[in-house]
């Protein structure tokens, strides 16, 4: 399960409310981005093209390990820009077809690649989101529970962090989520996310 | 001083063309055919890993007959051209027409300037959004380009198959099963033997698919399509 909020900021102002931060990369993997929007989105586009290009030339997909390494090299290539303040940090998730399991990779600005076995969150509200997940995460989460937890983590992060946007009930803008498994990658539909947030808000109101 | 011997340009071109034609005719045939939901490609190919049919872009496929190493190079160049263009501009700006023109230029230049012409014939096909929007381009070893309708054949005894199909193919686009049947029987009449499903390479550009339209149909599935 991979999910992201929709807020883009410019200094202390809101630059966008509908920004998409989670992207499909190929049939079995997805990427979410944090940092400077321009170079980050360009990196995603180039990464998508590179993987498709490889697949068509060679007649088969790169291994998941291979894709993760390729992304690491692209982040490393961006290092000079980091000193100008243009940081790009992604999180890369996918289903490893050869191993038959889902995998999560996080990165640092030098292209260093680290595998997470349970969960991870990035961006300005990443720490807050991780705190929520640490409290509620179990290995045996079902898809619906994992989605709920991801949405809760984003909600809590939005409460603590100015850079993270919560569900926008007035405009009907909600975080986006995708699920990756052996059958491929599926978008979680907006109404499903809206319903889960409606239930969460009812619960919060009751508690206070 | 010995005089450099003279060969007339006409003679040189003719020799080159004959040489290339011989190389292409030695191989086996490939058919591309428009069907109800897109374009079907069928190749007589005993290898399961060395493909003659390949995806180029979202709605474009490539197929080559003749010398493997030569059309493989052309295939890779085509993928590079398409991916670069799609990245630089937009996915919808990648068209079979521009690719076919590029191939035509390359093959034409090599045919007239190099000592040895490429012994290849290639197909570039693009599935359209509607039933009428399909494009089939056949490009020959000398760079001449043909805009085909309904079906196109390259490699082996392509002319004989073309005549055979002209009889069988009606103007109305057939469903997948009928199209596959038509292609297989056309290949079989030329080789005068029953072809096994393992020896057939089959792929489609299916316009009902979302995103990338190219899909390989593996032997068990093509058997299923023909028998049910």
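Take the residues in segment B:105-124 that are in contact with a strand residue (DSSP E or B) (Cβ under 7 Å, 6 or more places away or on another chain) and not in a helix (DSSP H, G or I); name whichever of them is surrounded by the fewest Cβ atoms within 10 Å (Cβ to Cβ).
Step one: of segment B:105-124, the residues in contact with a strand residue (DSSP E or B) (Cβ under 7 Å, 6 or more places away or on another chain) are B:107, B:119-124.
Next cut, not in a helix (DSSP H, G or I) only: B:119-124.
Numbers: B:119: 20, B:120: 28, B:121: 27, B:122: 27, B:123: 29, B:124: 30.
In this case the residue turns out to be B:119.
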In segment B:36-48, residue surrounded by the fewest Cβ atoms within 10 Å (Cβ to Cβ) [restricted to those that are over 16 Å from residue B:137 (Cα atoms) and away from chain A (no Cβ under 14 Å)]: B:46
Filter result for residue B:144 (at pLDDT 95 or above and loosely packed, with under 13 Cβ neighbours inside 10 Å): yes
Pair list, Cβ < 6 Å and 6+ apart or interchain, from segment B:78-99 residues that are within 11 Å of residue B:60 (Cα to Cα) and within 11 Å of another protein chain (Cβ to nearest Cβ) to residues that are modelled with pLDDT of 95 or more and outside any helix (DSSP H, G or I): B:78/B:56; B:78/B:62; B:79/B:56; B:82/B:56; B:82/B:57; B:82/B:94
All positions within segment B:87-104 that are surrounded by 14 or more Cβ atoms within 10 Å (Cβ to Cβ), in contact with a helix residue (DSSP H, G or I) (Cβ under 7 Å, 6 or more places away or on another chain) and in a helix (DSSP H, G or I): B:87, B:99, B:102, B:103
Lone unmet requirement of (1) within 14 Å of chain B (Cβ to nearest Cβ); (2) assigned to a strand (DSSP E or B) for residue A:95: (1)
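Looking only at residues in segment A:63-85 that are over 22 Å from residue B:55 (Cβ atoms) and in contact with a helix residue (DSSP H, G or I) (Cβ under 7 Å, 6 or more places away or on another chain), which one is farthest from the other protein chains (Cβ to nearest Cβ)?
Out of the qualifying residues, it is A:81.
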Of all residues in segment A:38-62 being outside any helix (DSSP H, G or I) and away from every other protein chain (no Cβ under 12 Å), the one that is farthest from residue B:203 (Cα to Cα): A:62
Residue, surrounded by the fewest Cβ atoms within 10 Å (Cβ to Cβ), within segment A:37-50, restricted to residues that are within 15 Å of residue A:77 (Cβ to Cβ) and in contact with a strand residue (DSSP E or B) (Cβ under 8 Å, 6 or more places away or on another chain): A:39
Selected residue (criterion: modelled with the lowest pLDDT) from residues of segment B:49-71 that are under 14 Å from residue A:59 (Cβ atoms) and at the interface with chain A (Cβ under 10 Å from one of its Cβ atoms): B:49
Residue list for segment A:15-37, restricted to those being over 27 Å from residue B:80 (Cα atoms) and either within 14 Å of chain B (Cβ to nearest Cβ) or without any contact (Cβ under 8 Å) to a residue 24 or more places away in the chain (or both): A:15, A:16, A:19
Residues located in segment B:170-192, provided they are within 18 Å of the chain's Cα centre (by Cα) and either surrounded by 22 or more Cβ atoms within 10 Å (Cβ to Cβ) or under 12 Å from residue B:33 (Cα atoms) (or both): B:179, B:180, B:182, B:183, B:184, B:186, B:187
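The values are calculated or read from the model by the stated rules, or taken from the named source; none is laboratory data. A quick note: this is a predicted structure, and the numbers were derived from the prediction, not measured. When we count neighbours, we look across all protein chains shown, and the Cβ atoms used for this are built from the backbone with ideal geometry, even at glycine.
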